[in-house]
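Trainee: So that we are looking at the same thing, I have put the structure below in structure tokens.
Since every read-out is calculated from the coordinates, none of them should be taken as a lab result. All of these numbers come straight from a predicted model, not from anything done at the bench. Every residue, glycine as well, gets a Cβ built from its backbone with ideal geometry; the counts of neighbours run over all protein chains shown.
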């Protein structure tokens, strides 16, 4: 007999060789029908894998993230079989699940391609295969057997993968007539997949290396019910309308230029003003919280980032060193602000009475992202972080961390991001080479974050392996208006950089002590934050932030003089307003103002001029009727104050 522990702590005994599905059936037949994946002793297994030892078992359904990942990975096998049958001679490479769906990279061969016209036939073939209800079966093979199969097929991609694997660890997954190199993690059979949609195709370099062959990447998604696919496609259409690249162009916020360079955004006047308002909003809160603003260069000597560890960890993803006329002198475009802030702290000696020191900067950093990974403002090569670094004593760490949580919550709530979870990202204990610093310091840092999250009452989860290389962190995982999850804002505890830069302060015992460092960025990066805010709001920004709060629309040129008087009054009340005095109909002006998402349209005609009032129409069509200019100003101010409470 073996003992199986379930997530709720229940301990059950089963015969050796029982499967996760047997365990599921012991709970209830109804539950077992919904189980599609499992994890045993933290290792993903099939629902039919024989269990031969005591251990902890987690059973997953479609409602679980892990269940979806198994579902989508299995679907990638089905689509791969469909492509193999439709395009004889195709070379398959890899087909993982991703956050929403899956992809499969294939080499179609010279002269062949897949376009959206081909999607229906691939979907039809895949569903035909799925309806066969073929079991997914994992089997172990020797390295020689695996190599022989793919060498016979002439598939150099699979051959390369196998050559890097150890004999005794290689498995194939079979279903129907299809076989693929695979580690495992599948649903019981193909029949569970009821709906498949091919979403797009793109080019992708083999192993992400632009010096290697370019493959065709086929993106898809699948569901256990057709209704869920229909709902997802409707959501995709909404997302398309909210795409920040589309809205950014329409609202004239930002642009890109190939002459300037891919991944380097140009902020247009309205976008620059919006950024400035966001910066001023945070600067005001930071000042109240005791932060001091600093400014550091866009470049630094290579040795600076060698000392910090960033060059060893991110050197390949950074722009190449800048050589100067001086022998052996090299600079790097700044990949991170923290090394510079360490040197700001080092400017003069500090006593424990000086701490905490809180240095903040809207600092622009540069990372060389692959061209295929660039995406609007969410993945760029130059971006500005709302960075700050707090240097404190170990005794101050707990309170300082909680203060940063308060600031981050203020930022999220003020901008309408109210649906979120906190994620505590800790080390992967099985991969210690990914991190720098002592085990003791890591344990102290991780415990500090977990305790602060508990004390602030955050709804949080702990994710292993998601920490930064120098320390654990607390990330805010926000759900937007379309139900998508994004990481916004991060707080990190770091005992390592203070050691690397030999940062010290004099304690009350007159001895040198090492400060603790907190990294924090409530926005994360200005570019990515604005992109997500655009998509979350659909361009209907909070009233305090939107570039143009009102537009004055005279019905004819006869009322232009009064319209200008209204405009001046609004500007005096610090309301951002425009005057549209073009020789166009009011109907056309209103339609364009709606498209530009201006919150208030102020119509000026004979009655308004005669009564010294304005007629107000809200974005979306609500008519507020005729009111005085002062009442309108009070209305705008009240709406802003209700959203933007003081920190």
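Trainee: Neighbour counts of other C-beta atoms within 10 Å: give me 178, 469 arranged from fewest to most.
Mentor: If I rank by nearby Cβ atoms, fewest first, I get 469, 178.
Trainee: With r as the distance between the Cβ atoms of residue 510 and residue 165 and R0 = 41 Å, compute the FRET efficiency 1/(1 + (r/R0)^6) and round to 0.05.
Mentor: Efficiency for this residue pair is about 0.10.
Trainee: I need the peptides 380-386, 197-203 ranked by packing, meaning the mean over residues of other C-beta atoms within 10 angstrom, with the highest value on top.
Mentor: Per-residue mean Cβ counts within 10 Å order the peptides as 380-386, 197-203.
Trainee: Antiparallel as a % of all DSSP beta bridges within segment 254-537, to the nearest 5?
Mentor: Beta bridges within segment 254-537, antiparallel portion: roughly 85 percent.
Trainee: Seen from all sides and averaged, what is the projected area of the convex hull of the Cα atoms in the chain, in nm²?
Mentor: Mean projected area of the Cα convex hull: 37.3 nm².
Trainee: To the nearest 0.05, how large is the calculated FRET efficiency for residue 16 and residue 112 if R₀ is 60 Å and r is the Cβ-Cβ distance?
Mentor: According to the calculation, E is roughly 0.75.
Trainee: Relative to the compact-globule scaling 2.2 N^0.38 Å, provide the ratio for the alpha-carbon radius of gyration of segment 550-643.
Mentor: 0.99
Trainee: What does a probe at residue 479 reach in segment 503-539, counting residues whose amide N is under 16 Å from the point 7 Å along Cα→Cβ?
Mentor: Counting backbone N atoms under 16 Å from the label point, the list is 536.
Trainee: If I fit a long axis through the Cα atoms of helix 226-242 and take the longest principal axis of the Cα atoms of the chain, what angle between them do I get, 0 to 90°, rounded to 10?
Mentor: Between the helix axis and the principal axis of the chain, the angle is about 40 degrees.
Trainee: How many nm is it between the label spots at residue 144 and residue 327, if each spot is 7 Å from the Cα in line with the beta carbon?
Mentor: 5.8
Trainee: Once the Cβ-Cβ distance between residue 463 and residue 635 is put in as r, and R0 is 56 Å, what FRET efficiency do you end up with, to the nearest 0.05?
Mentor: 0.80
Trainee: For segment 373-406, list residues with backbone N below 11 Å from a point placed 7 Å from the Cα of residue 456 toward its Cβ?
Mentor: 399-406
Trainee: Also, quick follow-up: Need the full-extension length gain, residue 233 to residue 133, defined as separation in residues times 0.36 nm minus the C-alpha distance. One decimal, nm.
Mentor: Length gained between residue 233 and residue 133: 33.5 nm.
Trainee: Once the Cα atoms of helix 439-455 and of the chain are each reduced to a long axis, what angle between those two axes, in degrees from 0 to 90 to the nearest 10, is obtained?
Mentor: The helix 439-455 is inclined about 60 degrees to the chain.
Trainee: Give the peptides 583-589, 167-173 in descending order of average Cβ contacts within 10 Å, highest first.
Mentor: The peptides rank, most packed first, as 167-173, 583-589.
Trainee: Could you tell me the largest-minus-smallest coordinate of the C-alpha atoms of segment 254-537 on each of the three principal axes, in descending order and whole angstroms?
Mentor: Largest first, segment 254-537 extends 57, 55, 41 Å along its Cα principal axes.
Trainee: Same structure again: Please check which bits of segment 581-601 a label hung off residue 557 would reach, taking the label as a point 7 Å along Cα-to-C-beta and the cut-off as backbone N under 16 Å.
Mentor: Under cut-off, by backbone N: 581-586.
Trainee: Using Cα atoms only, what is the angle between the long axis of helix 397-414 and the major principal axis of the chain, expressed in degrees (0 to 90) to the nearest 10?
Mentor: Between helix and principal axis, roughly 70 degrees.
Trainee: Quick one: divide the alpha-carbon radius of gyration of segment 2-61 by 2.2 N^0.38 Å and tell me what you get.
Mentor: Expressed relative to 2.2 N^0.38 Å, the Cα Rg reads 0.96.
Trainee: Full extension from residue 398 to residue 628: what is 0.36 nm times the residue separation minus their Cα-Cα distance, to one decimal in nm?
Mentor: Residue separation times 0.36 nm, minus the Cα-Cα distance, leaves 77.7 nm.
Trainee: Please list 311-317, 111-117 highest first by mean number of surrounding beta-carbon atoms within 10 Å per residue.
Mentor: Ranking, from highest mean packing down: 311-317, 111-117.
Trainee: Taking every pair of Cα atoms in segment 378-534, average 1/r, invert it to obtain the Kirkwood radius, and report Rg/Rh to two decimals.
Mentor: 0.98
Trainee: Show log10 I(q)/I(0) for segment 95-161 at q = 0.13, 0.14, 0.22, 0.27 Å⁻¹, two decimals, from a solvent-free Debye sum over equal Cα scatterers.
Mentor: One equal scatterer on each Cα of segment 95-161 leads to -0.61, -0.71, -1.25, -1.17.
Trainee: A follow-up question, please. Calculate for the chain the 222 nm mean residue ellipticity that helices alone would give, adding -39,500 (n - 2.57) per DSSP H run of length 4 or more and normalising by residue count, nearest 500 deg cm²/dmol.
Mentor: For the chain, the value works out to -10500 deg cm²/dmol.
Trainee: Could you work out the relative contact order of the chain? I mean the mean sequence separation of Cα pairs under 8 Å and 6+ apart, divided by the number of residues, in percent.
Mentor: After rounding, I find 9 percent.
Trainee: Report the rotationally averaged projected area of segment 442-504 based on its alpha-carbon convex hull, in square nanometres.
Mentor: Quarter of the Cα hull surface area: 5.4 nm².
Trainee: Could you run the Debye sum over the Cα atoms of segment 252-332, one equal point scatterer each and no solvent, and tell me log10 of I(q)/I(0) at q = 0.12, 0.16, 0.22 Å⁻¹, two decimals?
Mentor: Reported log10 I(q)/I(0), two decimals: -0.64, -0.96, -1.01.
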